[in-house]
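Following: one structure in structure tokens, then a few remarks.
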Amino acid sequence: MKEADVEEGRRKIDWAREHTPILENVRERYLDEKPLDGKVVGMAMHVEAKTAVLAELLAEGGAEVAITGCNPLSTHDDVSAALDANDGVHSYAERGVDRDEYYDALDAVIEHEPDVTVDDGADLIFRIHEEYPEMVDNIVGGCEETTTGVHRLRAMDEDDALRYPVFAVNDTPMKRQFDNVHGTGESSLSSIAMTTNLLFAGKTVVVGGYGHCGRGVAKKADGLGANVVVTEVDPRLALEAHMEGYEVAPMNEAAAEADFIITTTGNRDVVTRDDFEKMNDGVVLANAGHFDVEINLEDLSDYATNEREVRDGIREYETPDGRRINVLAEGRLVNLATPVSLGHPAEVMDQSFGVQALCVERVIEAEGDFGAGVHEVPDDIDRRVAEIKLDALGVEIDELSEEQREYMSSWQHGT
Ligand code: NAI
């Protein structure tokens, strides 16, 4: 592992810990009950401060934790080093690894023989199924954090290739309606602003995809005074964006107006050569989807006559007619992969990781009860995380009376 400032990593983790009351609440019980005692949890996630809080929490619950990154650029080396300094936590994550090093680190995690896997993008699960099939029988279950990972796992499940139960943490309301929407919205725009030092107000921001992440990015950009244009392939979501007051257009038209293009689709080739040909000089391209395939960088490299690093995290491509197209973070998750990226705000990851921790506990507790395949997060877990959060915020809500409960469950009431 690289030399890194363990103290600085520790300070970052401690700060995140102070802003994650759900994880703190779970920690108090874990220290007492040790529900993960004797189990090994293998993790492949963005190794930064909030993830470190989750990893330490699982260790405090009694688990041995082995962790690596789920993206070559999103690790904070100081946080990784501080995590590794804990008893019972082994971190193999490093920033800036190449493909072989990335997979070597996944293998190092797998060599700990996990009972439970926690993924962001499903690379760990795939690696185990492909390269270590003999280990599958010992794994009681897994948890998947993001939309793209859940898509891959559902495809695997449909082909009867997924051999242990996995909770689709991404799909539960306490994760998706907050992390994907508010987390991606705020952190993508702040990463772009910090990396470029440019203004959004009065600019045209094109948002590729109006799903959970896209609507968050669109709303926050609108709030900053940008003129937002949305591109979609789903007619219902396109209509929703239209009725929210955004311009809706195909990418090839939108690209010609853009000052910024931010992709959030989880799909490939959302921005391609036809679009590069029409873009304004100085346009900034960023991707917030899981993989670096949304902006076709091969197309762009072929089309460009020159390319250079103009600022940390910004690669400028010069077109044959002298325009400049700027790509942030090599087309990887912009909120996590630029040199200044911090990922989602701590309060939002508190919710996602609260669900993760309780799902790890549940899958261990239920050993064998869930069959192989993708499972929804049990509703009691999602509600519990919401209750803890409201409590931490000091927000009270009403409760259903017996009469209301009976009314809501009856079909006999009419006019
Ligand atoms: P979603 O399924 O809610 O939204 C994706 C949208 O993109 C859909 O509405 C779909 O119709 C649209 N779309 C697909 N192909 C398109 C195309 N060619 N052009 C225009 N629109 C297209 O998914 P969600 O939850 O918003 O996630 C999107 C991506 O972001 C995934 O890769 C996910 O893993 C990732 N993600 C990234 C986060 C981050 O920290 N940056 C956090 C959470 C998710």
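List of remarks:
- For region 208-249, the set of residues classified as among the aromatic types (F, W, Y) and either under 22 Å from the mean Cα position of the chain (by Cα) or closer than 16 Å to E294 by Cβ (or both) consists of Y210 only.
- Those strands (runs of 3 or more DSSP E) lying entirely in region 242-325 with at least 1 residues away from the ligand (no atom under 16 Å from the Cβ): 283-287, 306-311, 314-318
- Whether a residue is among the acidic types (D, E), touching a Lys or Arg at 6+ places or on another chain (Cβ under 8 Å) and over 24 Å from S341 (Cα atoms) was assessed, and E60 passes this test.
- Restricting M194, M156 to residues that are more than 8 Å from the ligand (Cβ to nearest atom), modelled with pLDDT of 95 or more and touching a helix residue (DSSP H, G or I) at 6+ places or on another chain (Cβ under 9 Å) narrows the list to M156.
- Residue in region 171-182 that is of a type outside the set (S, T, Y), in a helix (DSSP H, G or I) and away from the ligand (no atom under 11 Å from the Cβ) present: yes
- Verdict on T195 being out of contact with any Leu (no Cβ under 6 Å at 6 or more places or on another chain) and among the β-branched types (V, I, T): no
- Any chance A329 is within 30 Å of D137 (Cβ to Cβ), touching a residue at least 40 places away in the same chain (Cβ under 8 Å) and among the aliphatic types (A, V, I, L, M): no
- Screening H129 against (1) away from the ligand (no atom under 16 Å from the Cβ); (2) surrounded by fewer than 20 Cβ atoms within 10 Å (Cβ to Cβ); (3) under 22 Å from P345 (Cβ atoms) leaves a single unmet condition, (3).
- Output for region 144-170, where each listed residue is more than 15 Å from the chain's Cα centre (by Cα), part of a loop (DSSP other than H, G, I, E, B) and either of a type in the set (A, V, I, L, M) or closer than 20 Å to G266 by Cα (or both): A161, L162
The values are calculated or read from the model by the stated rules, or taken from the named source; none is laboratory data. Remember, predicted model here, so these are calculated numbers, not experimental data. Please note: Cβ atoms are built from the backbone with ideal geometry, for glycine as well, and neighbour counts cover all protein chains shown.
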